[in-house]
Amino acid sequence: MRSLYPLAGGATRRRVLAGTAALVAAPGWLHRRAQAQTAAGRIPAARLQSWPLDTPERTGIHDVAPAPDGGVWYAAQRSGHLGWFDPKTGRSELVALGPGSSPHGVIAGPDGAAWLTDGGQNAIVRVRWPQREVQRFALPAGTPYANLNTAAFDGAGDLWFTGQSGFIGRLALRTGEVSVKPSPRGRGPYGICATPQGEVWWCSLAGSFIARIDRATGDSRIVEPPTPRQGARRVWSDSRGRIWVAEWNSGNLSMHDPALGDGPDSWRSWKAPSENPRVYAVYVDEQDLVWCTDWGANTMLRFDPRTERFDVLAMPRPAASIRQILGRPGEVWLPESAHEHISVIRTA
């Protein structure tokens, strides 16, 4: 099968964001296993801008991803579409993905297309942009319902994805071949990310661990967080390849530094600054500031690793149910699935 698109130079590699600030730590900072309740400041409410989705039906907006044309894609899980939102006009457009579609995650590919994990179709879906052409890559024949979750591109341009039913998969972009493997310890694979070095990490919500994929074999090596039964839900890499973890059960934001091995000294954890935090999503911006969502307090959190301080933004609508967040320089985009809103926090 011919390649979906040519691989030229570094076009398929995740770029290290320009202007990333170096993290400064006191001696031994990374070597201490610690959990801290930090002081919290406030993010000005004026930084937040929100729009109701202008669509003819309820979409079930789930994950979001900035599109290369200045718009924002979103996975319309309930209606079975790829959504595209135009911040200049407030207008939304829906692209139908196929019968039974129910997409969970969406990311921008190195080819400029939108890539979605479609649990309803048990398939990976590519939407060529701006042509709006839909292409489906079904999981191998005989694969049971995988409950597809999220995806990330590795350093070679291949797509890796998680299935909560207990699968890790790969779509080889040169051939279009899809392969899946049972995940270690069964059900639970949820968030996934790529590092600037092109490595891929994922986490298990049900299994409460993170894991690194051997890209040659597709096998996963488990790394145990120090907090038991923490419910690792989403992961994201910073510019140094350190893995930030949103812990749903414990309410912690945690960080694992692979350069320090796999033991307890490779971890740091901070409790989110609310009474009963439920940390769902995590994203690291171009300044290496860490953003996460606290469903327990209905807030967005910004964590500065240099000061170990959280800043808090209370959402104006109750129980907003903000799912995966993504951004581009100067912007952090949020899907409010409970209220059919899309929002942005402007950081520049």
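To the nearest 20 debye, what charge dipole does the chain have about its Cα centre, counting +1 at the Cβ of each Lys and Arg and -1 at the Cβ of each Asp and Glu?
Numbers: 39 positive and 32 negative charges, 45 e Å.
Here the size comes out at about 220 debye.
How big, in percent, is the set of alpha carbon pairs in the range 38-146 lying more than 22 Å apart?
Numbers: 2080 of 5886 pairs.
Tail fraction, whole percent: 35.
Using every Cα-Cα pair within the chain, state what percent have a distance larger than 27 Å.
So the portion of pairs separated by more than 27 Å is 41 percent.
If eta is 1.002 mPa s and T is 20 °C, what Stokes-Einstein diffusion coefficient results for the range 309-348, Kirkwood Rh from Cα pairs, in µm²/s? Kindly include the intermediate steps, with their values, before the conclusion.
Working: Rh = 10.9 Å.
In µm²/s, the coefficient is 196.
Farthest toward the dipole's positive end in the chain, which of Gln287, Pro264, Gly100, given Cβ charges of +1 (Lys, Arg) and -1 (Asp, Glu) about the Cα centre?
The residue sitting farthest along the positive end of the dipole is Pro264.
Could you give me the radius of gyration and the Dmax of the range 224-336, taking only the C-alpha atoms into account and expressing both in angstrom?
In Å, with Rg to one decimal and Dmax whole: 13.3, 42.
Round to a whole number: what % of the accessible area of the chain belongs to carbon and sulfur, probe 1.4 Å? Before the final figure, lay out each step's value.
Details: 6860 of 13690 Å².
It is 50 percent, rounded to a whole number.
How big is the range 45-98 on each of its three principal axes, counting only the C-alpha atoms and giving the largest first in Å?
Answer, in whole Å and largest first: 38, 23, 19 Å.
Excluding Gly80 itself, what net charge comes from residues whose Cβ is under 11 Å from its Cβ, given Lys and Arg +1 and Asp and Glu -1? Display every interim value, and only then the final one.
Working: positive: Arg78; negative: Glu57, Asp118.
In short, -1.
Name the residues whose placed amide hydrogens come within less than 5 Å of the amide hydrogen of Phe209, ignoring near sequence neighbours (fewer than 5 apart) on the same chain.
For Phe209, whose amide H was placed from the backbone, the distant partners under 5 Å are Ser204, Ala232.
Please compute the per residue accessible area over the chain with all protein chains in place, 1.4 Å probe, rounded to a whole number of Å². Working shown, then result.
Numbers: 13690 Å² over 348 residues.
Per-residue accessible area for the chain comes out at 39 Å².
Taking the alpha-carbon centroid of each part, what is the distance from the range 317-334 to the range 280-296 in angstrom?
9
Suppose a student asked you for the relative contact order of the range 281-348, using Cα pairs under 8 Å spaced at least 6 residues apart; what percent would you report? Before the final figure, lay out each step's value.
Details: 133 pairs, mean separation 16.1, N = 68.
In percent, rounded to a whole number, it is 24.
Taking the Cα centre of each part, how many Å lie between the range 209-264 and the range 61-134?
Value for the Cα centre distance between the two parts: 27 Å.
The values are calculated or read from the model by the stated rules, or taken from the named source; none is laboratory data. Here the structure is a predicted model, which is why all the values come from computation and not from measurement. All Cβ positions, even for glycine, are placed from backbone atoms using ideal geometry, and neighbour counts span all protein chains on display. The accessibility values were calculated without ligands, DNA or RNA, using every heavy atom of the protein model including side chains. Shrake-Rupley method; radii C 1.70, N 1.55, O 1.52, S 1.80 Å.
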